[in-house]
Amino acid sequence: MLAAFLGRRGDEIELYERRSDPRAGNTVGGRSINLALSTRGIHALAQLGLADAVLEHAIPMRGRMIHDRSGALHFSPYDRDPNKCINSIGRGALNTVVIEAAQRYPNVQVKFNHRCVDVDLDLPGAAIVNTETNESSIVRAEAILGVDGAFSAVRRAMQRTDRFEYSQSYLAHGYKELTIPPTADGGWRMEKHALHIWPRKSFMMIALPNPDGSFTCTLFWEFEGPRSFSTVHSDDEVRRFFNEEFPDAVPLMPALLDDFRENPTGSLVTVRCAPWHYQDKVALVGDAAHAVVPFYGQGMNAAFEDCVVLDECLTEFPHDRGRAFAEYFVRRKANADALADLAVQNFIEMRDKTASRAFRVKKKLDHTLEGLLPGVYLPLYAMVTFTRIPYKEAAERARRQDRFVYSGLLAIVVLFLFILIALAFG
Ligand SMILES: Cc1cc2nc3c(=O)[nH]c(=O)nc-3n(C[C@H](O)[C@H](O)[C@H](O)COP(=O)(O)OP(=O)(O)OC[C@H]3O[C@@H](n4cnc5c(N)ncnc54)[C@H](O)[C@@H]3O)c2cc1C
């Protein structure tokens, strides 16, 4: 996406991607096949005229479908407006649309099977290895943009500079992808327009629909502990665990045992660093700058929003790239930090609170207040997912709203008690 934004500006762009061309059908199995795309990501795509082309391949999800242990289902809409939904999109379809958009600019060259192994920040230049021929070369540029994900090679070079701040923290949970295949006639075995959640307090499974009738399920579970990825190995153990915890899902997962054995167990990292740029020569975008855990469904949306903000800053300071990079960092850093916190908090909400009646009541109260106080009260989830209010502002506003609502409710209860006492002794 960033190559498309920069290509539109007229810059000469060379994009080096270590993987092969995904359009040739080379997908990475067992690794987050689909994602939830929402307002921020759609806005970024729309800037490039790509939103409709992407949404054509997406499945709208209108709310959470909670599966309890007995198999009973509870639907909780994401918003009071049923048209507001998040969109399940396959990485393959999304990648194809954005790569083709970038390649439409003759000034953008995309080179697959090229891995960046190091960066000379001052030159600036990148050491690139062609993974098909094993040839190495140094590619020099006016500026290098590190869009190479949570384990960024570009960021690694910046970590060697003085006073560069860096931290990474892993969740105790890992994730494994599993599949619910389509029915024989290509239909969906569960409600298609929902994000399915099996909340089980300390762990959970979720499932997002795919256009081919399948669902991609992700089990988030502790790596270690008495009942964890480390204690369940044999087919019998896997079957027993799933029968106990997700009995309604088991009959829908004929390849469960194979998927569990063969798909990798991924880890979940939060990365924070500062600054995101080195002079006017190097900058970091997306997960390279701020990887977050996936529980708000915002990592990609935030990365796309980075592209929009960086493009705006380059427009505002056309003759001073250093200033544009610095301004981009200032505008995004606090928001990325806020999102990192929100994403961890939402894990607790999804795996634990969504199962409770209190959660459903709180969501209904949120939607009622939103209806009663239009433009004044906006639930946090709606601000993060359905608006472009900066993440930090959304988190602060939600805290203020909660204080206001809970102190208001407390005041009503106290008043009510006061009236009762007055009537009783009156
Ligand atoms: C289980 C899971 C579920 C998720 N669900 C959602 C969701 O629902 N919604 C959402 O918005 N986000 C979600 N995310 C987050 C999302 O995947 C990331 O935030 C997003 O992909 C970040 O994009 P990026 O381009 O910065 O990095 P990446 O997507 O990691 O892309 C980096 C690219 O750089 C390439 N690369 C890496 N190193 C090198 C190198 N040395 N040389 C050359 N190329 C290199 C990689 O091959 C890759 O193509 C999820 C993440 C996970 C793990």
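The values are calculated or read from the model by the stated rules, or taken from the named source; none is laboratory data. This one's a predicted model, so the numbers in the text were calculated from it and none came from an experiment. Here the Cβ positions follow ideal geometry from the backbone for every residue, glycine too, while neighbour counts run over all protein chains shown. To get the accessible areas, we keep the full protein, side chains included, count just its heavy atoms, and leave off ligands, DNA and RNA. Shrake-Rupley method; radii C 1.70, N 1.55, O 1.52, S 1.80 Å.
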In the range 287-335, carbon and sulfur make up what percent of the accessible area (probe 1.4 Å)?
56 percent
Inter-probe distance in nm under a simple model that places probes 7 Å from Cα toward Cβ, at Glu142 and Glu316:
2.0 nm
Rounding to the nearest 20 debye, state how big the charge dipole of the chain is about its Cα centre with +1 on each Lys and Arg Cβ and -1 on each Asp and Glu Cβ.
1240 debye
Scoring only Lys, Arg, Asp and Glu (+1, +1, -1, -1) among other residues with Cβ under 13 Å from the Cβ of Met383 yields +1
Name the residue farthest towards the positive end of the dipole of the range 133-175 from the options Phe164, Ala141, Phe151, assuming +1 on Cβ of Lys and Arg, -1 on Cβ of Asp and Glu, about the Cα centre.
Phe164
How much net charge surrounds Phe317 when only the other residues with a Cβ under 11 Å from the Cβ of Phe317 are counted, with Lys and Arg +1 and Asp and Glu -1?
-3
With just the Cα atoms defining each centre, how far is the range 322-362 from the range 96-120? Give it in Å.
30 Å
Which whole-angstrom value gives the distance between the alpha carbon centres of the range 388-404 and the range 45-64?
26 Å
Give the shape of the range 301-426 as rounded, prolate or oblate, defined through the alpha-carbon gyration tensor: a ≥ b ≥ c are the square roots of its eigenvalues, a/c under 1.5 means rounded, and otherwise the shape is prolate if a/b is larger than b/c and oblate if not.
prolate
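So, R0 is 60 Å and r is the distance between the beta-carbons of Arg331 and Glu244; what FRET efficiency does that work out to, to 0.05?
0.80
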Residues of the range 47-184: accessible area per residue at 1.4 Å, in Å²?
52 Å²
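Glu12 to Arg403: extension gain in nm, 0.36 nm per residue of separation minus the Cα-Cα distance?
Gain on extension, Glu12 to Arg403, equals 135.7 nm.
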Length released on extending from Asp341 to Leu420, taking residue separation times 0.36 nm less the Cα-Cα span:
24.2 nm
Rounded to the nearest 500, what is the 222 nm mean residue ellipticity of the chain from helices alone, with -39500 (n - 2.57) per DSSP H run of 4+ residues and division by all residues?
-12500 deg cm²/dmol
Per-pair calculated FRET efficiency, R0 = 22 Å: Arg23 and Thr133 via Cβ, rounded to 0.05:
0.55
Dipole check, the chain, charges on Cβ (K,R +1; D,E -1), about Cα centroid: among Ala336, Gly186, Gly25 the Cα furthest to the positive pole belongs to Ala336
Are there GluC sites (Glu not before Pro) in the range 341-426 that DSSP marks as loop and that have at most 15 other Cβ atoms within 10 Å, and which are they?
none
Below 8 Å, C-alpha to C-alpha, sequence gap of six or more: please give me the relative contact order for the chain in percent.
19 percent
Rounded to the nearest 0.05, what FRET efficiency do Tyr170 and Leu372 give with R0 = 45 Å and r taken as the Cβ-Cβ distance? Could you check?
0.60
Coil-residue GluC sites (Glu not before Pro) of the range 56-162, DSSP, other Cβ within 10 Å capped at 13
Glu56, Glu132, Glu135, Glu142
Candidate lysines - alpha carbon under 27 Å from Lys353, same-chain residues fewer than 8 apart omitted:
Lys84, Lys176, Lys192, Lys201, Lys362, Lys363, Lys364, Lys392
Please give the contour-minus-distance gain from Ile348 to Leu121: 0.36 nm per residue of separation, less the Cα-Cα distance, rounded to one decimal in nm.
77.8 nm
